[in-house]
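The values are calculated or read from the model by the stated rules, or taken from the named source; none is laboratory data. The structure presented is a predicted model; accordingly, all values stated were derived computationally and were not measured. Here Cβ is always computed from backbone atoms with ideal geometry, including for glycine, and neighbour counts include all displayed protein chains. Note: accessible area is taken over every heavy atom of the protein model, side chains too, but ligands, DNA and RNA are not part of it. Shrake-Rupley method; radii C 1.70, N 1.55, O 1.52, S 1.80 Å.
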Amino acid sequence: MNLREWALPVYTVLMQMAIGGFAALWILRAAVKVRLERAELDRLIQNPLIILFTTVVVAMIGSHFHLSRPYLSFLAILNFRSSWLSREIVFTVLTFSVIASLSLLQVTHRGREPFLSALGWVGIALGSAAIYCMSRIYLLPTQVSWNTPITVYTFYSTAVLLGSMAMAAILVINQKFLEIHKVGDATVRAGVVRQALCWLAGIAFGMLWVVVALNVFMVLSLRSAGGIAQISLELLLGLYQPLWILRLLVLLVGVGWLVETVVTNVWKRTTSRDLTMPVYIACLLVMIGEILGRFLFYATHVKMGI
Amino acid sequence: MMIYFFTGLCFSGLGLAAYLQLHHGGDLPLRKQLPWLAAFGLTCGAASWIDMFLASGAPQSLAGSLAILRAAMQALSGLLLLKFGWGILDNLTPLPAWTIFIPGVLIVPIAYAITYASTTFITPSPIEIPVDIWSRYFLYLPGSILAGTGFLREWNIERKKGYTDVANLMMGAGLAFLFEAFVVGLVVPAAPYGPASYYNYNRVASNAFIADQSSPVMTSMLTAWLDYAEVLKTTGLPIEFWRMISAFAVTFFVVRGLDVFDATQNRQFRALQVERDQAQEAAFQAQIVARQTAESWTDALVSISRQIAALENVDDILQCIVQMARCLLGADFIGLAILNEEHSVLEIKCYADNQQTVMVSPPVAVVNPLILGVVSSSHEYLTRGDEAPEMLEHVTLTCDKAASSMAVVPLNLESHPFGALWMARCEPLPFSETDAIWLECMADQVVIAIQHGLMTAQLQSLSIVEERGRIARDMHDGLAQVLGYLNLQLQTLDALFKQGKLTSFQSELEQMRQAIQVANADVRENILSLRTTLSNEKSLVSALGEYFAEFGVQTGLDVAFINDVEGNINLSSVAEVQLVCILQEALTNVRKHAHASHIRVLISKQDEDIVMEISDDGIGFVMHAAKLSFGLQTMRERAQSAGGEFEVHSIPDQGTQIECRFPCLKPEKLSQHSLALS
């Protein structure tokens, strides 16, 4: 895979991570808004929202690098009725618009609570649609290794797993930032973050096994498909086997590290070390695993026919 | 081969020097990272020497293993360099709070870069090549940049501290690390993937952005002078040479920096020692000055107390107080003012300046608002420097200049202000809180002196009245009776003379003569009593002895005065006065009633008491009859009023013994008493 093709893993993984993280953040917001005052709630989600917005921007910019004529990319939306690519672009832009609007409203402290809440849920729905359209692009009869529902599930699993991990890291860093600035009620906020970390670690742990299961199903699917799919399978278990093992390994270590950190420091509270670095490294490992997975997704496909 | 050898030598030297410096102290941030620097230097040196063996044509059987070992050593040394660079930067000044988001931002490019690097291992080429390339990109490049940045920040810090020599070496080390970042971290072997495909020392470039095709044609977009091929063409020196230069530069500047820092620190340590010695000397001198000041103040206060106790003239005492206060406080002017009898005007009583101490007469009214305010509020005042100029006018009576600072304290008698004591300076040197406290001490002495003067005057008035009463009583009981008797006798003599009874006339005349002798003795004794006083110049024993001897001369009795007390008699002043009075009373009684020929007075010390025994060989008296005696009762009351005891023993025809006992002063009370008296 040459450098230009790396634009696709950049776009898809970052976009899925941003949408998954946004969903996690909004669910957290909905869960704690009755417990926190509006100002505290804003402090909890403002920085994470800005980081997610930046991630979406980077993803959208990155997507243009695999185009031969990036300046004409907007023309792709003209085929909305017939093209999943057009739909992906439209929903991506809409998701971006929602996250950008929410970030702006959050920074300027404007917007009523019901409106903000509804807008966030709309953003999640648009993001989910964008991921679905993103995955549907690859369901092509000529691409045997891609043309399976596992592709859709894989994209969603990436969104949930990476979104959970990213949000855990962002919440910990944001908490530390607010502690340094001594802003608001740190005790209440720390309680919310601890609870959120427990939930996020649990979700990541569950999704880890979903990802492992999807990989197993992928191998079984390729093996049963025969023909061109067999070549993809040989690539996966042959040339790219070290990377495939490495992917699963870093996912396991990354999620395991987060779970261990949360269990010992948050749940049981047997130690009180700084959570920033372990959560950060765990997130980095999972991200490497997911990008490797996306690389293998693109690298092992074999086109059928001319 | 020589280049590899010297490169290894430089790095090994760096590692060894860093290791040897491990046990030295110091606050250079580099110190804490020395273990990592030492490990980096040694591993990097080992990698270079492995290169040397490989370049010298190592046996084929060893070449493969050596190549893998070299790749491992290079990756390890890169990791150690990264740790060292991160550590040296992290130990410097804390970064702004927002920088904690940097790892969160970098996580995405780092994840992609690592993933991208991991995919490049899936190539037919030997694994050492991607290890070499990515260890340089991921470890050497950021490690060198971090270390270089850390040293440059250290340069800035040391430069601000004024350690120019250390700062210059830190800057050199920073630049050397940045140079190493370029030649070691950025110039890598050629590979069919970016960025190694664009910039490498194999002078091969391929466009990895569009395909994995290698091309011998240079298509680099970098500036020509930075291009490795251009550098090689111009200088003729391979990349290994530049790496050796960078290794030498890093080793030189870091090792020299450590040495110079040691020297600077030793210099600083010596300077601190000198400063400490100077501070100790200054503290010692300050202690001496403080002690001398305290002694001066103690001497002054003792002197004033002595004057007060000696019942010196109050005006003299006040002059002495203001004079001493001015000298001790270093003031240009000190004034003492007291409210007049109507409490309507505050009048200056006396003042002292640099030339004289003067009692002010006629009185001058004080008009300064600050002084008047202190008297009305009864609170001291210390100028802060922000007072209006008119507030400091009329403070000094004699100085030409206006006062620039002053302190005023009230004179309080039973919580009521009746005057003020103030000091002023014309030079711009403000008074301290301590100065104000000392001035308050002097104000207390002023109040004590005035109070003592008033009490002395009152006591003198009372004593005069009492003495007049006693003299009147004695004259009434003695001289007046005698004169009345003589008047009657004269009438009798006149009748006897007219009747011609010369024998009776002669007898009556004899009686008159005796009566006149008795009156004469009384008068003389009264005169003696009036003359006998206690004073500082004469001790109690000598006063008693002189009085007793004079009494013997006047009465013609045989007197004996015995003092068995060694040293001074430690009695309170009240007891001393009562002792003298009791002796006078007792001797009067002996003269009048005892018909004694010998009198003995013995002063002795029994236990903690001073005992005075007066015994005579007179006619004595019956004890129960004497209980109603007014004289004995008075003597007993005098003894008891001073905490003493009084006993009388008498048997008819066997004389009388009087014992009077007063407790001595305890040592601590004695010192206070002496101080008060002195």
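Data table
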{"read-out": "Verdict on B:Tyr116 being in a helix (DSSP H, G or I), in the same structural domain as B:Val166 (by TED's automatic domain parsing) and under 27 Å from B:Ala39 (Cβ atoms)", "value": "no"}
{"read-out": "Matching helices (runs of 4 or more DSSP H) fully within region B:27-91 where at least 3 residues are in contact with a Cys (Cβ under 9 Å, 6 or more places away or on another chain) and modelled with pLDDT of 85 or more", "value": "B:34-55, B:60-90"}
{"read-out": "Subset tally (residues that are within 14 Å of another protein chain (Cβ to nearest Cβ) and either closer than 15 Å to B:Leu34 by Cα or crowded, with 21+ Cβ neighbours inside 10 Å (or both)) for region B:88-101", "value": "1"}
{"read-out": "Qualifying residue in region A:171-184 (condition: within 30 Å of A:Trp267 (Cα to Cα), more than 21 Å from the chain's Cα centre (by Cα), more than 14 Å from chain B (Cβ to nearest Cβ) and not polar (S, T, N, Q))", "value": "yes"}
{"read-out": "Any hit, region A:201-213, residues being more than 24 Å from A:Trp267 (Cβ to Cβ), open to solvent by less than 50 Å² (accessible area, probe 1.4 Å) and among the aliphatic types (A, V, I, L, M)", "value": "yes"}
{"read-out": "Any hit, region A:99-111, residues being in contact (Cβ under 8 Å) with a residue 60 or more places away in the chain, away from every other protein chain (no Cβ under 14 Å) and in contact with an Asp or Glu (Cβ under 8 Å, 6 or more places away or on another chain)", "value": "yes"}
{"read-out": "Test: residue in region A:28-35 that is within 14 Å of chain B (Cβ to nearest Cβ) and open to solvent by less than 20 Å² (accessible area, probe 1.4 Å)", "value": "no"}
{"read-out": "Sole exception among (1) of a type outside the set (A, V, I, L, M); (2) at pLDDT below 85; (3) over 30 Å from B:Gly172 (Cβ atoms); (4) open to solvent by less than 80 Å² (accessible area, probe 1.4 Å) for B:Arg306, by number", "value": "(4)"}
{"read-out": "In region A:36-54, residue farthest from the other protein chains (Cβ to nearest Cβ) [restricted to those that are touching a residue at least 24 places away in the same chain (Cβ under 8 Å) and open to solvent by 20 Å² or more (accessible area, probe 1.4 Å)]", "value": "A:Arg38"}
{"read-out": "Subset tally (residues that are more than 14 Å from every other protein chain (Cβ to nearest Cβ) and outside any helix (DSSP H, G or I)) for region A:212-244", "value": "2"}
{"read-out": "Any strands (runs of 3 or more DSSP E) falling wholly within region B:555-657 and containing at least 1 residues that are modelled with pLDDT of 90 or more and open to solvent by 60 Å² or more (accessible area, probe 1.4 Å)", "value": "B:558-563, B:598-606, B:645-650"}
{"read-out": "Criterion (away from chain A (no Cβ under 14 Å) and free of Cβ contacts under 8 Å to residues at least 60 places away in the same chain) met by exactly one of B:Gly78, B:Gly64, B:Gly85, B:Gly104", "value": "B:Gly64"}
{"read-out": "Of all residues in region A:72-83 being open to solvent by less than 70 Å² (accessible area, probe 1.4 Å) and in contact with a helix residue (DSSP H, G or I) (Cβ under 7 Å, 6 or more places away or on another chain), the one that is nearest to A:Asn47 (Cα to Cα)", "value": "A:Ser73"}
{"read-out": "Among (1) in contact (Cβ under 8 Å) with a residue 12 or more places away in the chain; (2) over 28 Å from B:Ala63 (Cα atoms); (3) more than 14 Å from every other protein chain (Cβ to nearest Cβ); (4) surrounded by fewer than 17 Cβ atoms within 10 Å (Cβ to Cβ), the one test that B:Leu169 misses", "value": "(4)"}
{"read-out": "Of the criteria (1) part of a helix (DSSP H, G or I); (2) surrounded by 13 or more Cβ atoms within 10 Å (Cβ to Cβ), which one B:Gly469 fails", "value": "(2)"}
{"read-out": "Residue match in region A:251-269 (condition: closer than 20 Å to B:Ile122 by Cβ and in a helix (DSSP H, G or I))", "value": "yes"}
{"read-out": "The listed residue being modelled with pLDDT of 95 or more and either more than 11 Å from chain B (Cβ to nearest Cβ) or under 15 Å from A:Val172 (Cβ atoms) (or both), out of A:Val286, A:Val263", "value": "A:Val286"}
{"read-out": "Among (1) under 19 Å from A:Gly293 (Cβ atoms); (2) modelled with pLDDT of 85 or more; (3) not hydroxyl-bearing (Ser, Thr, Tyr) - the single one A:Asn174 does not satisfy", "value": "(1)"}
{"read-out": "Among the residues listed as B:Ala549, B:Ala515, B:Ala543, B:Ala495, the single one being in contact with a Phe, Trp or Tyr (Cβ under 6 Å, 6 or more places away or on another chain) and either open to solvent by 80 Å² or more (accessible area, probe 1.4 Å) or modelled with pLDDT of 80 or more (or both)", "value": "B:Ala515"}
{"read-out": "Number of the condition not met by A:Thr95 [criteria: (1) modelled with pLDDT under 90; (2) away from chain B (no Cβ under 14 Å)]", "value": "(1)"}
{"read-out": "Selection count, region B:118-139, where residues are at pLDDT 80 or above and polar (S, T, N, Q)", "value": "4"}
{"read-out": "Boolean, B:Asp315 is open to solvent by 10 Å² or more (accessible area, probe 1.4 Å) and either free of Cβ contacts under 8 Å to residues at least 24 places away in the same chain or farther than 24 Å from B:Met455 by Cα (or both)", "value": "no"}
{"read-out": "Within region A:8-27, tally of residues that are aromatic (Phe, Trp, Tyr) and within 14 Å of chain B (Cβ to nearest Cβ)", "value": "1"}
